[in-house]
Structure formats: C-alpha cells, structure tokens
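Read through the structure below, which is laid out as structure tokens, and then see the notes.
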Amino acid sequence: MKVCFINPSVDKYSDLKLWSTDLMKSVLGEHITTLPKLSVMVLAAVTPEKWGFRYLDEEVEDVLYDEIDAEIIAITAMTVQAPRAYQIAENMRKRGKIVVMGGIHATIATDEVLEHCNVAMIGMGENTWPALLADYEHDELKKIYDAREYKPVEQFVSPRIDIINPKYYLQFPIQATRGCPYDCDFCSISHSSGKKYRMKPIEQLVKEIKEYEKINKGLFKKGYFFVDDNLYVNREYTKELFKALKDLNITWQGQGTVNVTEDDEILKLMAESGCRNFSIGFESLSDESLKEANKPKCNKTEDYSKALKKLAVYGIIPAGTFIFGFDSDDVSCFRRTVDFALDQHIYTPFFSILTPLPGTRLYDRLESEGRIFDKDWSKYSALKCVFTPRKMSASQLQEGAYWASLAISKMEIFREHLNYFWSHGPWENNPRLKLVERLLLIGLAFKFWIKKDYRQFLLWASVQKNAADFNNIVTALMLNDMAAQLPESHDPSTARR
Ligand code: B12
Ligand code: SF4
C-alpha cells in the first residue's frame, strides 16, 4: 500500500512568481524553492511503516499522473493552492485513486473540497491521518475526518527529514511553538493552529535540528525558517529556546510581534542563537487600521522605529510585513509606508494587499457588505485585490501596492540599507564575510555581467569591510527580481502626467 502526498504549485500557475522567476532559475537551477512542507514531513512521521510514502512537491517536480502508483493521493493546500489542488484531484480520481485533501483550506471550505475530493480532513492531521489509513485498510473510509472528534493534539510530532530531497530547498522549516493568543481580523491562524500557545520541548527541537544538520553539509550551510507565527509569547520559553540554539551553530529567520525588541536580554540571545533576519508583523502605520484589524495592543506604531534600530544594533536584519487596503487606508498609505521603510532601513519589507481569506472575520464582514467581487482562490495570494476597498478603488489598491513594492526593491536602496546595517558591525555572532564568500560574490557578479545593477551591487558588497551574512546579500537580488515581474505602476496619490 502506498500514499503520495502532493503540495500543489503556486508559482507554476501564477503570473507573479515567488521564487521561480526565469532569472532565479538560471542561477539557482530549475528545481529549487524556499521550503519543503512541514505538514507533509510531520504526517509522514505518523504514517504506519507498512505504508510506502512519497512526497511530491509540485514547486520542484511535475505531477506525472500515470507514473504515480499510490492508492491514496493526499493533498495539502492553503486557499491560494485550492484551484490547482482540485485539478490534480480530478485527474487522480479519473485514474481510480482515492483523493484526500487536508490543510487550512480543507478546514475552512470543507463542502467545496468534497466536490472535488473523496475525503476532506479538518484541522491538525496527527490523529486523523492514521485513523483514515486504518479505515481505508478496513474499507470503512469516511468522507470527513474532523480533528475535533479525536484526542486533542497536545504533543508535537517530529518531522521525517528523510522524505525530502534537500537539494530542492533553500532553507529548512522548523517549528518550536504553535498557535497565537491574538485574534487579528484578517488572520487564519485560529483555524489552522488555534489560539492556545503550545511549546515543543526544547530538547525535541534540538534533536530535530541535529537530524537536519546531518544533511546540511557543504561550504554554504542552509539556514532554518521558523514557521512559528509568533516566537515571543512565552518569554521564559523563548529565552531557553535561544540559549539552546546557540550551541548548534546555525542561522535562522523568524517572525514575531514588535514587543520582542523591548527585551534586550532576548534580543541578545536571539542574535547569539543565529537569528539573521527577523520579521515583525507591523501591518500598518495607522493606529486606526491596526484597531480595525484587532491587532494586539503590543503593536504600537510609536515603537516601530525604535524596534527596527534595535534589531540592526544586534546584527539582525530588520524585516517587516505591511498590509494595504484597510477601511481607513486612503491612497496616501502607500507613499507613507514606503517612506517609512526607506527611512528606517527595513531591508526586507513585505507589502501585501489585504485579502479576505475564507473563515476569517474579515471575510465574513466584507461578504456581508457585498464587497468581495472575486472568489477565484488562485488570486488569494495577497498580491491581488479581490474586494472593494472603502477609501480607494480596487485598481488603485493593487497599483499602489505594486508601486510600493517596486519602490523599495531597487538595488541602490538595498545597498543603502546594507551600508547602514553594516555600520553597526562587526558583530561577534554575525561575522564578516569569509574570503571564500567574497570570492563567490565576485563569481556571481560575473554570472550577472549583463545585469549591470546586480553586477555593481555584488562587486560593491564583496569589498565592504564589515560585509556580513552572504544569504541576506543575495536575497536582495531575489527580491529585486520578484518585483521586476510587477507591471509598471504609479503612486495613486500623485496625479499621472
Ligand atoms: C511556511 C508558510 C508559508 C511558506 C509556504 C512554503 C512551504 N513549503 O511551507 C511561504 C512562506 C512560501 C508561504 C507563503 C504564503 N502564505 Co503561508 N504560511 C506558512 C506558515 C507560517 C507555516 C505553515 C507550516 O508549515 N505550519 C506547520 C505545519 C506542521 O502545520 P500545518 O501546515 O497547519 O499542517 C497541519 C494541518 O493543517 C494538517 N494538514 C495540512 N495538510 C494536510 C494534508 C492532509 C492530507 C492531512 C490529513 C492533514 C493536513 O495537518 C498538519 C499537522 O497538524 C503558515 C502559518 C502557520 N503557522 O501554519 C502560513 C499560512 C499557511 N500562509 C498563509 C498565507 C495566506 C500565505 C500567502 C498566500 C500570503 C502571504 N502573504 O503570506 C503566501 C502565498 C504566496 C505564494 N505565492 O506561495 C495563511 C493561509 C491562510 C489560507 N486560508 O490559505 C497561513 C495560515 C498564515 C496566516 N496567518 O493566515 N507561507
Ligand atoms: S499576531 Fe500574527 S499570527 Fe497572531 S493572530 Fe495576529 S496576524 Fe495572526
């Protein structure tokens, strides 16, 4: 008996690609993406040994329907992946396979999923997935498996690392905690992870990282990506976690709320533990928008700039997420946010368009007001406007968000930010580039010889005395390349000539 787990691709079917742009493919290779799916690695670990297990990540492989010999096809999907998931499901069902879909979209749109798949899985899969396999063996398959009807998943299952091909991925996913006690209007977390904050025993996480390290060899070690929504909810746990990571000699990136930067002891430990890029969910510069979004009170706009400065002082690249399109946002929000990101040297700001994901309060409110005009889930990527905003038009929102992303992704801007960032170094935890890394930057500059701005940026970085962290330097190229796909756009607050 065999099962094949599929992660449907977003990039292959989208006009705006996250990683696999032509330029990136030409440098990194045809088959590379950010992360493997942690959900699949965890569910592999609770799959009984008698079941053969295959992980097919469509971001890096093709779904060759007739070559898949598994009886059960299990699909994991967030909302933006649902349309592609349904195509795969229908093609598989035509070939007599049992198709099961789980993950956040199956949890919130169960009836829709059942129109395309044999089985929908609601909630966390650690208990429901083995139950489904047992039922299949006894020919007693149900249509819905709802985690709420099983024992609550209190303990963390460690992922099976042997099911992934590390050469496909730029980073490895890790998870220390699950859940977020806050309740932001636009966020799906209460459906996927729940409000209760659960913490993995630190020894278990350390063991998992040591397993990853066995395959993380070579001159350029890959970094880790904490999929935790908020790494700073339980201070004592966070402190112990960072202390434990320190000995592992890894680098990582993660995310959390602004208040983490008020805590110097935690920031110091965070830097020492290998954190190189920390993303803060700023969401908006407007107190009114934050209130509307029910963002936790710890997100105070007056703290933003102090928070960003602190990260740089400790040698952590400041990153942050912003959302455009709240009811109180008018066309001035784009320039205001871009100016802030530039002035405050946010190296990797991520601008998204407010998206009413099904199952959220935001969705219910906009739907009841008749403001959602597009329910093609493939557009629910936070890069397309699917609703009518209050103080601008949908096209202004989309154009403004694109203009903002383009405005912050110019190579000379990344250069200015790095100059500022490196002026705080050198740091003990984030050491200056080694000679071999400098040579590699020069090598990359040759590879990009015809792209003058990349070439100049790489050559410049390679000779800066305090230059540190190879990965963050190269990230600038990726972000610039991603932004380059966006249509030429104008700031909607300025009249067009
Ligand atoms: C990592 C991540 C990503 C990665 C995905 C790549 C990857 N390979 O993982 C990246 C960074 C690319 C990403 C992108 C986006 N993401 Co994202 N992402 C996450 C994040 C932080 C972690 C997911 C994870 O690994 N969790 C840990 C695993 C163990 O848990 P899990 O995935 O929930 O899986 C469990 C259950 O869902 C279930 N399950 C899952 N699949 C299946 C399948 C079967 C068959 C069964 C039985 C059970 C099952 O069992 C698992 C174990 O309990 C989540 C938030 C979160 N904490 O979950 C958001 C999240 C999934 N992302 C979200 C969104 C909206 C996006 C974006 C669309 C928009 C954006 N601005 O972020 C973009 C898409 C852009 C694009 N073009 O791809 C939303 C999804 C909401 C929704 N309704 O779709 C989430 C929930 C965040 C949120 N705050 O709302 N994301
Ligand atoms: S703080 Fe972050 S993870 Fe928590 S509910 Fe708000 S947006 Fe979601």
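Return a whole-number percent for the relative contact order of the chain, with Cα pairs under 8 Å and 6 or more residues apart as the contact set.
So the answer I get is 12 percent.
Share of antiparallel DSSP beta bridges in region 170-415, in percent to the nearest 5?
The antiparallel proportion sits near 10 percent.
What does the extension gain come out to for LEU141 and LYS246, with contour length at 0.36 nm per residue minus their alpha carbon separation?
This chain segment gains 33.1 nm when fully extended.
Could you order peptides 40-52, 176-188 by the average number of other Cβ atoms within 10 Å of their residues, highest first?
Ranking the peptides 40-52, 176-188 by packing returns 176-188, 40-52.
Given the rule -39500 (n - 2.57) for each run of at least 4 DSSP H residues, summed and divided by the residues of the chain, what is its mean residue ellipticity at 222 nm, to the nearest 500 deg cm²/dmol?
Estimated from H runs of four or more residues: -11500 deg cm²/dmol.
Would you please classify the overall shape of region 161-212 from the alpha carbon gyration tensor, given that a ≥ b ≥ c denote the square roots of the eigenvalues, rounded means a/c under 1.5, and beyond that prolate means a/b larger than b/c while oblate covers the rest?
In terms of gyration-tensor shape, oblate.
If the limit is 27 Å between Cα atoms, which of LYS17/LYS410; LYS37/LYS452; LYS196/LYS300; LYS217/LYS246; LYS295/LYS379 go over it?
Beyond 27 Å between Cα atoms: LYS37/LYS452.
Spit out the partnerless Cys residues in the chain, using Cβ distances under 4.7 Å as the pairing rule.
CYS4, CYS117, CYS180, CYS275, CYS298, CYS333, CYS385
Identify all aspartates and glutamates with a Cα-Cα distance to LYS2 below 14 Å; exclude those on the same chain that are fewer than 8 residues away in sequence.
The qualifying aspartates and glutamates are GLU49, GLU67, ASP69, GLU71, GLU137.
Where the only charges are on Cβ atoms (+1 Lys, Arg; -1 Asp, Glu), what is the dipole of the chain about its Cα centre, to the nearest 20 debye?
1280 debye
Quick check on packing: order 429-442, 110-123 by the mean number of other C-beta atoms within 10 Å, highest mean leading.
110-123, 429-442
Can you tell me the relative contact order of region 2-149? Whole percent, Cα pairs under 8 Å, sequence separation 6 or more.
Relative CO of region 2-149 lands at 24 percent.
List the residues whose amide H sits under 5 Å from the amide H of GLN255, counting only those 5 or more places along or on another chain, with H placed 1.01 Å from N in the peptide plane.
Placed amide hydrogens put LEU231, SER279 under 5 Å from GLN255.
Positive end of the charge dipole of region 1-121 (Lys, Arg +1 and Asp, Glu -1 on Cβ, about the Cα centre): tell me which of VAL113, THR21, VAL63 has its Cα farthest that way.
Toward the positive end, the furthest listed residue is VAL113.
What does the extension gain come out to for VAL206 and ASP339, with contour length at 0.36 nm per residue minus their alpha carbon separation?
Extra length from VAL206 to ASP339 when fully extended: 43.8 nm.
Read-outs throughout are calculated quantities, based only on the coordinates presented, and are distinct from any laboratory measurement. As the structure is a prediction and not an experimental result, all values here were calculated from the model. Cβ sites come from the backbone with ideal geometry, for glycine too, and all protein chains shown count toward neighbours.
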